[in-house]
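All of the numbers you see were taken from the coordinates with simple rules; none came from a lab. Bear in mind that the values here come from a model prediction, so they are computed numbers and not experimental data. All Cβ positions, even for glycine, are placed from backbone atoms using ideal geometry, and neighbour counts span all protein chains on display.
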Amino acid sequence: LPFFARFL
Amino acid sequence: MHLSRDVVLLITHSGDFFTIDRVAQALSKKGVKPIRLDTDKFPQQVQLVAHFDESRSYHTIEYGNYSISTEQVQAVWMRRIWEPELSSQLASQFREACIRESKATLNGFWDSLKEARWIDDLARINYANNKLRQLRIASEVGFMIPRTLVTNKAESAREFFHQVNGKMVSKLLTTLSHSMEANSSFFLYTSIVKEEDLQDAESLRYCPMVFQEQILKQRELRVVYVNGNVFVGALNADVYTAAKVDWRKPGVEVGGWQHHQLPDEIVRRLKAFMGRFGLLFGALDFILTPSGEYVFLEINPVGEWGMLEKDLDLPIASAIALALISEKAG
C-alpha cells in the first residue's frame, strides 16, 4: 500500500 | 445573418445546483441570457457541431430546448467540467475510447469561444491548480505559508517531522475522486501524522505526499475573490474541535459561518497573488492563528462559495455575473 493509504 | 451576442455560457455538470442557479438569476437580471451546458451530458444529450471551410468556421451547441451558435456567446463561466456519462448499454470495450474522444472534442470546441470573456480562462485555471506553484507565489507576494515538504523520501519525512516538533499533517496534491471499490468511496483529507505512522514511511516510494507543519487555529477562513472584490466566511476553531485538521470532512459539525474582515495588507497581497495568476475568481483557504497571523493554505480556481452566499448573504453570484459582463473583466 502507498503511504497515504493509512489516512484514507 | 447577424446574431445578437447576448449569451453567457455556464459550463458545469448535471449535478450542479444553487450556485449555478444564483449566477443564472443574476445574469438574467442584468439583461443577458444565461445558457447552461452540462458537460457530463456530452455526447449523449448535448450535441456539438464544429464546421470549418476555407472562408469561415461555425460552431453550434444544442441541448435541451436551446440551440445556439458560439458567436452568440459574450462570456463563459467556467465552473466545472465532468467526464461524459455514457449509457451502460455501450459496449465496454469502446467506453474508454468514446470518453477520450469526447473529452478531446469538448476541449477543442472551447477554442470557438476564444472571443468570449472567460471566468476563468482554462489555461490559467490549470496553471493555478499547481499547488507547489501556489505556495511559491503566495510566499513571493508576502503571505505566510506553512513549512511544507513534498517528498517520496522516507528519511526526509522523518527529519521534517522532528523539524516541526512532531506537529505535522499530510495531504495529497490531487483528490481521490473515483471509487476504489464498487460500493464505497475513499477520501483523504488533511490528516495528522503521528510518529508511529512514519515507521511505514518507506512506502512513500510508491507515491509521494505533502507534509506540512500543523498551524494552530483561531479561525479557518474561506476567502472568495471575484474581480477585485473580496468575500470572507470564517469558522471558529473552538466550535469544530473534530475539524481542527480539515473542516471539509463530511460529518464534521462546523458551526455557523461568520463574517470576517481581512486587514488591508492581506487584501493587498491577495490582489497581488491573483494578479500573478491572472485569475478573476478564486476560493482561497487561510488559517487565522491565535496570535492573529494569516497563513495561506491553498487556492481552488473553481472552488465553492455557495455556503457563504446562503449563510452570510454575501452577494457573490451577483459579483460573478457583473464580472462576466464587465468590459474590464478578462
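What are the pairs, 6+ residues apart or on separate chains, where a residue within region B:311-322 that is under 15 Å from B:R117 (Cβ atoms) has its Cβ under 8 Å from a residue that is surrounded by fewer than 18 Cβ atoms within 10 Å (Cβ to Cβ)?
Listed pairs, sorted by first residue: B:A319/B:N229; B:A321/B:K29; B:A321/B:K30; B:L322/B:K30.
Evaluate region B:94-102: report whether one residue or more is in contact with a Leu (Cβ under 7 Å, 6 or more places away or on another chain), in contact (Cβ under 8 Å) with a residue 60 or more places away in the chain and surrounded by 12 or more Cβ atoms within 10 Å (Cβ to Cβ).
The answer is no; no qualifying residue exists.
Would it be correct to say that B:I137 is hydrophobic (A, V, I, L, M, F, W, C) and in contact with a Leu (Cβ under 6 Å, 6 or more places away or on another chain)?
Spelling it out, it is not the case that B:I137 is hydrophobic (A, V, I, L, M, F, W, C) and in contact with a Leu (Cβ under 6 Å, 6 or more places away or on another chain).
Out of everything in region B:121-143 that is without any contact (Cβ under 8 Å) to a residue 60 or more places away in the chain and within 14 Å of the chain's Cα centre (by Cα), what residue ends up being nearest to B:L270 (Cα to Cα)?
Ranking the candidates gives B:N130 first.
Give region B:202-226 a look and list any residue that's farther than 30 Å from B:D120 by Cβ, acidic (D, E) and more than 10 Å from chain A (Cβ to nearest Cβ), or say none. Even if it seems obvious, please write down each step before you answer.
The first filter runs over region B:202-226 and keeps only residues farther than 30 Å from B:D120 by Cβ, leaving B:202-206, B:213-214, B:216, B:218.
Next, from what is left, pick out any that are acidic (D, E): B:202, B:213.
Within region B:202-226, just B:E213 meets the criteria.
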